[in-house]
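Asks: First the structure, then my questions, so here it is.
Values quoted throughout were computed directly from the atomic coordinates according to the rules given, and no laboratory measurement underlies them. Here the structure is a predicted model, which is why all the values come from computation and not from measurement. Backbone-built Cβ (ideal geometry, glycine too); neighbour counts: all protein chains shown.
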Amino acid sequence: MPSYEFHCPDCGIVQRFHRMGAAPATETCPHCGTGAPRVFSAPLLSRTSGRLRSVRERAEESGDNPAITHRRPDRQRNDRHQPPELARLVGKKAASELRQARHPASPSR
């Protein structure tokens with residue numbers, strides 16, 4: 001719901017929430033009860049959550065100063081990695097045989 005500002009001559013700025021386009025031209029001041037005309041101010045479009053703000057800042061920073069790795073990772077990746085559960089289910093020897101076996105649907109060499 002948008003926030004609208006009204007200027008009370010005695011108390012200063014009074015902030016009220018109204019539906020979009022439903023704000024009256026004057027609002028009664030909650031402190032002194034006098035009429036406060038509506039003041040047009042800049043919308044709060046830049047107010048975002050902290051998480052979204054940090055993601056935007058990191059994205060902007062990575063565009064100017066991308067993170068570069070200077071060394072290879074310590075561990076080489078195994079493309080034929082099988083989950084360790086297989087060895088627990090069928091035993092180490094059977095798991096090894098299953099890893100080396102050709103799939104029946106694969107084309108012959």
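Asks: For HIS18, list long-range residues whose amide hydrogen, built 1.01 Å from N in the peptide plane, is under 5 Å from its own amide hydrogen.
Replies: Correct list: TYR4.
Asks: Per-residue counts of other Cβ atoms within 10 Å, averaged by peptide: what ranking do you get for 15-28, 49-62, highest first?
Replies: On the way: 15-28: 11.7, 49-62: 9.9.
Highest-to-lowest ranking by the protection proxy: 15-28, 49-62.
Asks: For ALA23, enumerate residues with amide H under 5 Å from its amide H, sequence gap 5+ or separate chain, H modeled in the peptide plane.
Replies: Result for ALA23 returns nothing.
Asks: Let me check I've understood the local charge: for ALA36, count other residues with C-beta under 15 angstrom from its C-beta, Lys and Arg +1, Asp and Glu -1. What total comes out?
Replies: -1
Asks: Compute the signed sum of charges (Lys and Arg +1, Asp and Glu -1) over the other residues within less than 14 Å, Cβ to Cβ, of CYS11. Walk me through the intermediate numbers first.
Replies: Values: positive: ARG16; negative: GLU5, ASP10, GLU27.
Computed value for this residue: -2.
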